[in-house]
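Chemist: Below: one structure in structure tokens.
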Amino acid sequence: MDLKEYIADIPDFPEPGVLFRDVTPLLADKDAYKEAIRLLVDFAKEKDVDVIAGPEARGFLFGCPVATELNCGFVPVRKPGKLPRKVVTKSYDLEYGSNEIQMHSDSIQPGQNVLIVDDLLATGGTVQATVSLIEQMGGNVVGIAFLIELEALKGRKLLTGYDVYSVLKY
């Protein structure tokens, strides 16, 4: 199955000059979605994963089914103000400005093997911040898996030393 057939290219979104890769057609097709999850799970099977961490929001859409298939837990990585208990926070730079992500301070236990799952690797800032939070809490990042990697943006360079897998590359 060619999963690229289920990714819609939206020119000039969210701003002129950007080609947005829309995963919602893949999510809407039961066979394509199932195949994408299968490929992510196949990568993860050899990793001895204790828990999946998924950045908001599309990381939830791919990370939760992977966690279910691996019979492990799922930890959400959220934007500020979304988690109700004590959190750890990591700031990171964007092309214009900065952003923050948060996780519950007790969501990763020291020594746990964590697989990060998200929909897209672009510049790598969000996932690099996620790695930092997991390691700050004592977790071991055993792999990082994406549905899509935008190779021209070179986000993989920020993840040197980690096992990075992408189902689709553009």
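The values are calculated or read from the model by the stated rules, or taken from the named source; none is laboratory data. Source: prediction; values computed, not measured. Using ideal geometry, Cβ is built from the backbone for each residue, glycine included, and neighbour counts are taken over all protein chains shown.
Chemist: Going through Pro16, Pro65 one at a time, which residue ends up being out of contact with any Phe, Trp or Tyr (no Cβ under 9 Å at 6 or more places or on another chain) and not polar (S, T, N, Q)?
Modeler: Pro16 is the lone residue from the list that is out of contact with any Phe, Trp or Tyr (no Cβ under 9 Å at 6 or more places or on another chain) and not polar (S, T, N, Q).
Chemist: Shifting gears a bit: Look through segment 118-152, keep the residues that are farther than 17 Å from Gln102 by Cα and out of contact with any Leu (no Cβ under 8 Å at 6 or more places or on another chain), and return whichever of them is surrounded by the fewest Cβ atoms within 10 Å (Cβ to Cβ).
Modeler: Ala152
Chemist: A follow-up question, please. From the list Glu95, Glu46, which one is under 21 Å from Val18 (Cβ atoms), modelled with pLDDT under 95 and surrounded by fewer than 15 Cβ atoms within 10 Å (Cβ to Cβ)?
Modeler: On the way: Glu46 fails: under 21 Å from Val18 (Cβ atoms).
Every option except Glu95 fails the conditions.
Chemist: May I ask you to list the residues in segment 117-149 that are in a loop (DSSP other than H, G, I, E, B) and either without any contact (Cβ under 8 Å) to a residue 12 or more places away in the chain or not small (Gly, Ala, Ser) (or both)? Spell out the reasoning first.
Modeler: Looking only at segment 117-149, we keep the residues that are in a loop (DSSP other than H, G, I, E, B), and these are 122-124, 137-139.
If the condition is that a residue be in a loop (DSSP other than H, G, I, E, B) and either without any contact (Cβ under 8 Å) to a residue 12 or more places away in the chain or not small (Gly, Ala, Ser) (or both), then Thr123, Met137 are the ones that fit.
Chemist: In addition: For segment 98-116, how many residues meet the condition of being over 15 Å from the mean Cα position of the chain (by Cα), buried (at least 19 other Cβ atoms within 10 Å of the Cβ) and farther than 25 Å from Tyr165 by Cβ?
Modeler: Residues in segment 98-116 being over 15 Å from the mean Cα position of the chain (by Cα), buried (at least 19 other Cβ atoms within 10 Å of the Cβ) and farther than 25 Å from Tyr165 by Cβ: 0 in total.
Chemist: Based on this model, can you work out whether Val88 counts as in contact with a Phe, Trp or Tyr (Cβ under 9 Å, 6 or more places away or on another chain), within 20 Å of Gly138 (Cβ to Cβ), of a type outside the set (Lys, Arg) and buried (at least 16 other Cβ atoms within 10 Å of the Cβ)?
Modeler: So Val88 does not fit the description; no.
Chemist: Please determine, by comparing only the residues of segment 6-28 that are touching a residue at least 12 places away in the same chain (Cβ under 8 Å) and among the charged types (D, E, K, R), which one is surrounded by the fewest Cβ atoms within 10 Å (Cβ to Cβ).
Modeler: Asp9
Chemist: In segment 128-148, is there at least one residue being hydroxyl-bearing (Ser, Thr, Tyr) and under 14 Å from the mean Cα position of the chain (by Cα)? It would help to see each step written out before you state the result.
Modeler: Of the residues in segment 128-148, the ones hydroxyl-bearing (Ser, Thr, Tyr) are 130, 132.
Filter once more, keeping what is under 14 Å from the mean Cα position of the chain (by Cα): 130, 132.
Yes, segment 128-148 contains at least one residue that is hydroxyl-bearing (Ser, Thr, Tyr) and under 14 Å from the mean Cα position of the chain (by Cα).
Chemist: Quickly run through segment 79-117 and pick out the residues that are small (Gly, Ala, Ser) and in contact with a Ser or Thr (Cβ under 6 Å, 6 or more places away or on another chain).
Modeler: Result: Ser91, Ser98.
Chemist: Considering segment 130-155 alone, what residues qualify as being under 21 Å from Leu3 (Cα atoms) and charged (D, E, K, R)?
Modeler: Passing the criteria: Glu149, Glu151.
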